[in-house]
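A short write-up of the structure that comes next.
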Amino acid sequence: MLEAGIKNEKIITVLEKDTAASHGSGTLPVFATPAMIALMEKTAMESVAPFLQEGEGTVGTLINVKHSAATPLGGEVRCESELVEVDRRRLVFTVRAFDNRGMIGEGIHERFIVNNEKFMAKLK
């Protein structure tokens, strides 16, 4: 059963593919904001996956984050998520990212529980 308080953590090493230069969001070889956002979404998504029914998934619908510090290529980034609100199919998470110097980003992420088959059928 999905209830507030579910937490997750993921740790990555910043690779070339994760840099602002590779994402096109900047020119420097530092951890890109889009890569941080993807890590935050993945951390939140994976936290609730074991609690979903067969054939269900979640889709991201809102993210409001601040990327407050740079992390160099080769640096380690740890992301934390916590489910803070469950409103029927709407899930709200706090997300935070850290490197060896401290917090590098934080914010709120919202996901909705969907039936995967029905969701994809709407796209046809």
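The values are calculated or read from the model by the stated rules, or taken from the named source; none is laboratory data. The structure displayed is predicted, hence computed values, not measured ones. Don't worry about glycine lacking a Cβ; one is built from the backbone with ideal geometry, like all the others, and counts go over all protein chains shown. With ligands, DNA and RNA removed, areas are computed over all heavy atoms of the protein, side chains included. Shrake-Rupley method; radii C 1.70, N 1.55, O 1.52, S 1.80 Å.
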remark   = Scanning the stretch 1-53 residue by residue, those in a loop (DSSP other than H, G, I, E, B), in contact with a Leu (Cβ under 6 Å, 6 or more places away or on another chain) and open to solvent by 50 Å² or more (accessible area, probe 1.4 Å) turn out to be ALA4, PRO29
task = Taking MET103 as the residue in question, decide whether it is open to solvent by less than 20 Å² (accessible area, probe 1.4 Å) and either among the hydroxyl-bearing types (Ser, Thr, Tyr) or touching a Ser or Thr at 6+ places or on another chain (Cβ under 9 Å) (or both).
result = no
request  = Please find, within the stretch 100-124, the residue that is nearest to GLU46 (Cα to Cα) out of those that are touching a strand residue (DSSP E or B) at 6+ places or on another chain (Cβ under 8 Å) and not in a strand (DSSP E or B).
outcome  = ASN116
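Listed here are the residues, each with its yes/no results for (1) in contact with a helix residue (DSSP H, G or I) (Cβ under 8 Å, 6 or more places away or on another chain); (2) surrounded by 12 or more Cβ atoms within 10 Å (Cβ to Cβ); (3) touching a residue at least 40 places away in the same chain (Cβ under 8 Å); (4) closer than 17 Å to GLU41 by Cα.
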| site | (1), (2), (3), (4) |
| --- | --- |
| GLY55 | yes, no, yes, no |
| THR58 | yes, yes, yes, yes |
| SER68 | no, no, no, no |
| PRO72 | no, yes, yes, no |
| LEU83 | yes, yes, yes, yes |
| VAL86 | no, yes, yes, yes |
| ARG89 | no, yes, no, yes |
| PHE93 | yes, yes, yes, yes |
| PHE98 | no, yes, no, yes |
message = What are the pairs with Cβ atoms under 6 angstrom where one residue, in the stretch 7-26, is over 20 Å from ILE108 (Cα atoms) and in contact (Cβ under 8 Å) with a residue 12 or more places away in the chain and the other, located anywhere, is among the small types (Gly, Ala, Ser) and in a loop (DSSP other than H, G, I, E, B)? Sequence gap at least six, or different chains.
response = VAL14/GLY75; THR19/ALA32; ALA20/GLY26; ALA20/ALA32; HIS23/ALA32
key: Selection from the stretch 29-46 of residues that are in contact with an Asp or Glu (Cβ under 8 Å, 6 or more places away or on another chain) and under 14 Å from THR94 (Cα atoms)   = THR43
